[in-house]
Each structure stands twice: as structure tokens, then as C-alpha cells.
Amino acid sequence: MGTPTTSSQRDTQPVSDRQGSGYQSGFANHFASEAVAGALPVGRNSPQMPPFGLYAELLSGTAFTSPRVENRRTWTYRIQPSAMHRPYRRIGNGRLLSAPLAVQTTPSQLRWNPLTIPRERTDFIDGLITLGANGDVRLQTGMSVHLYVANASMSDRYFYNADGEMLIVPQQGRLHLATELGLIDIAPGEIAVIPCGMRFRVDLPDGPSRGYVCENYGAMFRLPELGPLGSNGLANPRDFLSPVAAYEDREEACELLAKFQGHLWAAEMSHSPLNVVAWHGNLAPYKYNLARFMTVGSISFDHPDPSIYTVLTSPSEVHGTANVDFVIFPPRWLVAENTFRPPWFHRNAMTELMGLVYGVYDAKAEGFMPGGASLHNRMSAHGPDAQTCEQASNAALAPHKIEDTMAFMFESRFTLSVSDHAMGTAELQSDYHEAWQTIPRRFPRKPA
């Protein structure tokens with residue numbers, strides 16, 4: 001769990017991860033799947049009596065009248081309708097928060113050490129801790145960034161998020177995601193996206209687990225436009241995998257948790273909500289192996305903008321400006337000549353929240369650890385630390401490969417408000433600013 005593997009090993013998926021053996025390939029494809037032969041109606045969505053006495057139910061991810069190219073929905077054929085549950089009751093949010101946060105956020109650079117796995121029984125939902133948020137969950141804009149630490153499977157608890165879709169980035173330990181539409185397994189180096197409203201349960205096959213979650217309130221994640229790159233590159237659609245139908249036929253008491261308007265609610269059910277026997281549509285959970293990302297970069301001079309590392313984007317109403325981008329910094333070759341190769345010193349209109357899955361980030365020689373996070377808010381100055389700056393300024397510029405690393409960034413047009421817990425936790429590095437304080441002056445002083 002803590003031992004690094006090579007990039008080639010991380011790209012080797014088990015047979016169960018390949019199309020035709022538990023998964024279907026393609027981004028936002030219109031899939032059709034049935035766990036029992038003949039369970040999927042033919043030629044119509046809602047027959048008077050679906051096969052095997054199932055109930056037809058539609059899950060709409062967009063408005064009915066959205067343009068066809070943007071419309072996302074899935075028809076499910078389930079043992080019992082989703083409405084069969086007792087009334088919801090409010091429960092405690094724990095350390096899970098939503099935007100807007102009523103806090104004052106510093107423009108200082110911030111960085112956190114990894115969270116410690118708790119000793120008390122903590123499942124995925126109990127272990128969600130909000131680092132920060134922006135936008136407004138009530139207006140469906142912006143995002144929240146959460147860390148999770150868990151040591152127990154959810155067992156007879158299930159969850160859905162009515163506020164947004166959830167991009168899950170495991171850093172320690174695999175996650176087994178049992179969803180309404182089927183099963184997804186992800187390990188560090190992979191991600192999964194659960195659509196808004198999709199019910200699921202998280203089990204921990206490796207025991208204690210830790211990672212990151214981007215809760216996207218805005219437009220659903222999509223693949224970025226490629227522009228002059230052409231028709232291939234970055235994250236290719238064929239490498240995204242959605243599950244085949246798999247259902248639970250459990251008639252026993254369970255608890256359904258909901259995140260709705262920033263708060264957690266719970267309702268009792270007498271059966272598993274994961275009772276979909278067949279489905280068809282283009283609104284489905286999916287996974288992606290980050291090792292499949294086709295990295296592009298400079299082969300002449302200068303360090304290009306980090307936008308070339310965008311895996312997924314949620315656009316905002318401002319053309320070309322993201323509500324949130326998911327960006328990665330994977331293993332890659334550096335060959336640019338006469339160039340300061342790490343990220344330059346910069347101040348951005350966009351807010352950058354970074355995490356590290358494994359390895360070392362090439363812009364920070366020390367202090368940025370796997371499972372940790374850093375935040376450089378809108379227009380906050382940042383860049384490589386003093387040691388990295390000195391080494392990169394004097395390095396022999398032979399071709400060099402960055403290996404065994406996977407850093408990522410949640411980038412947003414909105415400033416991220418930081419939770420009181422994140423500002424008061426022992427994991428916050430009070431000396432992060434020291435990373436830049438010993439950078440030497442190189443410009444000669446004016447004679448007296």
C-alpha cells in the first residue's frame with residue numbers, strides 16, 4: 001500500500017478492469033447493460049409491465065430540454081422504486097461543509113500534512129473533512145474540496161449527493177464502489193466520478209484508506225477541447241470505464257444518507273437501494289487510470305501552461321474559464337532547452353488546490369507529502385521552493401524523465417474559502433512561507 005511501483009506497473013490493469021469483463025469503454029457513451037438476460041426492455045423505455053416484474057425509473061442528470069449533445073440521463077429497471085424509504089431526518093454534518101462558508105480566508109500560501117487515519121470506526125462518509133469551498137451549493141456553482149480518512153466499509157449504509165457529482169482520488173488503499181449501475185474498483189493512480197444523485201456504497205478491501213474528493217456543484221465534468229492538438233491526446237475517451245449492471249437483492253434494514261443543500265440527511269429503508277437489474281443511458285459512474293493520460297509538452301523551449309495537463313473540466317458561464325478543472329502532473333520527459341524547467345513563479349486569476357498521490361512533486365523539494373495538500377488562492381504568489389529554484393537554475397539541461405510521481409490540481413475560477421477546521425488543524429504547516437525566504441538576490445546592487 002505504501003510501496004511505490006513503476007509507471008508501467010501502474011498502467012497494467014487486471015482483466016476485470018477491461019471492457020467486456022466488468023466495464024464498458026468510452027466517455028459519456030450511451031450504454032446498455034443487464035445483469036439478467038432479457039431484463040432490459042427492447043424498443044421502449046417504459047413498457048406497461050417491464051420484464052421480470054421490474055420497475056422502470058429514470059435518473060435525469062440534466063434538464064429534459066437540454067440540447068441533445070448535452071443531455072444526460074439513464075433508464076433503470078429495478079426490483080423496487082427508489083421512493084420506497086421512510087422520511088429523511090437531519091443528522092450531524094461532522095466536518096463536512098458546503099459553500100458558501102462564512103469565514104475570512106487569508107491570501108497567504110497554505111499547505112497541510114497528510115491526515116492521520118482515525119482509530120475509532122470511521123467509514124467513507126464519516127471520514128469526509130472539508131478543506132474549503134467556493135461558489136454556492138444552492139445556486140449550483142463552484143465546488144468543495146474534501147479529504148477523506150476511513151478504516152471501515154459502509155456495510156449497510158448507502159449515500160447519494162444531491163448537491164453535485166463527486167470526483168474521488170484515492171491516495172492510500174483501494175476503494176470498492178458499489179453503485180446503482182454496477183461495481184467500480186479504484187486504486188491510487190486511478191480516479192472515479194459518481195454522478196449527482198447516484199446512490200452508492202464504499203467498501204475498503206485494503207483496510208485503512210485516505211484520499212481526496214472534489215465535489216462539483218457546477219456543470220458536469222467533460223473532456224476538455226483539444227484545439228490545435230487535433231483529435232487525439234490528453235485523456236482519450238476509450239480509456240474511461242463505466243460498470244456493467246450488477247444488483248443487490250437484499251431485503252433487510254439499511255440506512256440511506258443524502259447530502260442535500262449542504263446538509264446530511266438519513267432515511268431508513270427495508271431493502272438495498274442498489275437493486276438495478278438492467279439499465280441504459282449516458283449518465284453513469286466511471287473510472288479512469290491516470291497512467292493512460294497522453295502527456296504533451298514543450299520540445300523546444302519554455303515551460304508551457306498547466307492547462308495542457310487537464311483531464312476533466314467543468315465549464316463556467318465565462319467562456320474558456322473553468323468552474324473547476326482536474327489537472328494532473330504525471331511521469332513525463334523534460335527536454336526544453338535554455339529553459340527553467342519547473343513551473344515558473346506566478347500569480348493566477350485561477351485558484352489552485354494541489355494534492356499528491358505518490359512520489360515527489362517536481363516544484364517542491366520537501367514538505368509536500370503524499371496525502372497532503374497545498375492551496376494558492378486567487379492572485380497569491382507561488383512557485384518552486386528555494387532548493388528547487390537553485391537546482392533548476394544551474395542544472396545541465398540534458399533530457400530528463402520525471403518518474404514515479406502523481407500530483408494533481410483542482411483549479412477553479414472562484415476563490416476557495418478555507419474551513420475553520422482546516423485553518424486550526426495541527427496538519428496545517430505554519431512554516432510553509434519559509435519555502436521562499438532563502439531565495440537569493442541575483443541582480444547586482446546599485447553602487448553607493
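The values are calculated or read from the model by the stated rules, or taken from the named source; none is laboratory data. Every value quoted in this text rests on a predicted model; they were computed, and no experiment measured them. Positions of Cβ are backbone-derived with ideal geometry, glycine not excepted, and every protein chain shown enters the neighbour counts. Heads up: the accessible areas ignore ligands, DNA and RNA and are worked out on the full protein's heavy atoms, side chains in. Shrake-Rupley method; radii C 1.70, N 1.55, O 1.52, S 1.80 Å.
How do 93-104, 389-400 rank on mean C-beta neighbours within 10 Å, highest first?
Answer by packing, highest mean first, reads 93-104, 389-400.
In Å, what is the Rg of the alpha-carbon atoms in segment 66-224, and how long is Dmax?
16.5, 53
I'd like to know which of P331, A245, H263 lies farthest towards the positive end of the charge dipole of segment 237-349, counting +1 on Cβ of Lys and Arg and -1 on Cβ of Asp and Glu.
So the residue furthest toward the plus end is P331.
For the chain, please report how many Lys pairs fall under 29 Å Cα to Cα, leaving out neighbours fewer than 8 apart on the same chain.
Values: K259/K287; K287/K364; K287/K401; K364/K401.
Counting lysine pairs in the chain gives 4.
Which residue, chosen from P315, A35, L234, occupies the Cα position most advanced towards the positive end of the dipole of the chain, where the dipole is computed from +1 (Lys, Arg) and -1 (Asp, Glu) charges on Cβ about the Cα centre?
Of the candidates, P315 comes out farthest on the positive side.
With a 1.4 Å probe and every protein chain kept in, tell me what percent of the accessible surface of the chain is carbon plus sulfur.
That share works out to 53 percent.
Under a point-charge model restricted to the Cβ atoms of Lys and Arg (+1) and Asp and Glu (-1), what is the dipole moment magnitude of the chain relative to its Cα centre, in debye to the nearest 20?
640
To the nearest 500 deg cm²/dmol, what mean residue ellipticity at 222 nm is calculated for the chain from DSSP H runs of n ≥ 4 alone, each contributing -39,500 (n - 2.57), summed and divided by the residues?
Taking each H run of at least 4 residues, the total per residue is -1000 deg cm²/dmol.
Pop a pseudo-label 7 angstrom from the Cα along the beta-carbon direction at both A396 and F260 and give the gap in nm to one decimal.
The answer from the label model is 6.6 nm.
Subtracting the Cα-Cα distance from 0.36 nm times the residue separation, let me have the gained length for R238 to T339 in nm, one decimal.
Full extension from R238 to T339 adds 32.9 nm.
Under a Cβ-only charge scheme (Lys and Arg +1, Asp and Glu -1), can you give me the dipole magnitude of segment 228-384 about the Cα centre, in debye to the nearest 20?
500
Given R₀ = 51 Å, what would the calculated FRET efficiency be for Y88 paired with E434, taking r from the Cβ atoms and rounding to 0.05?
Taking R0 as 51 Å, the efficiency between Y88 and E434 is 0.60.
Just the accessible area per residue of the chain, please: how many Å² with a 1.4 Å probe? Could the numbers behind the result be given before it?
Numbers: 20430 Å² over 448 residues.
With all protein chains present, the chain gives 46 Å² per residue.
Just going by the charge dipole of the chain, with Lys and Arg at +1 and Asp and Glu at -1 on Cβ, which of C214, L128, Y160 is farthest out on the positive end?
With unit charges placed on the Cβ atoms, the residue in question is C214.
Test of understanding: what is the full-extension gain from A349 to R250, defined as 0.36 nm times their sequence separation minus their Cα-Cα distance?
Here the segment from A349 to R250 would lengthen by 30.6 nm.
Measure of size requested: the Rg and Dmax of segment 356-435, with Cα atoms as the atom set and Å as the unit; please supply both.
Rg, Dmax (Cα atoms, Å): 14.5, 46.
Taking the highest mean first, how do the peptides 402-411, 278-287, 242-251, 336-345 order by number of other beta carbon atoms within 10 angstrom per residue?
Sorting 402-411, 278-287, 242-251, 336-345 by mean packing, highest first, produces 278-287, 402-411, 242-251, 336-345.
By how many nm would the segment from R121 to H421 lengthen if fully extended, with 0.36 nm per residue of separation less the alpha-carbon distance?
Extra length from R121 to H421 when fully extended: 106.0 nm.
What ³J(HN,Hα) values, in whole Hz, does the Karplus curve 6.51 cos²θ - 1.76 cosθ + 1.60 give for segment 252-266 when θ = phi - 60°, with x put for Gly and Pro?
Once θ is set to phi - 60°, the couplings for segment 252-266 become 7, 5, 8, 10, 10, 9, 9, 9, 9, 6, x, 10, 9, 10, 9 Hz.
Only four residue types carry charge here, +1 at the Cβ of Lys and Arg and -1 at the Cβ of Asp and Glu. Report the dipole size of segment 31-96 about the Cα centre in Debye, rounded to the nearest 20.
Details: 9 positive and 3 negative charges, 82 e Å.
Computed about the Cα centre, the dipole is about 400 debye.
Go ahead and run the numbers for FRET between L223 and F443, Cβ-Cβ distance against an R0 of 51 Å, rounding to 0.05.
0.70
What whole-number distance in Å separates the alpha-carbon centres of segment 70-84 and segment 412-428?
37
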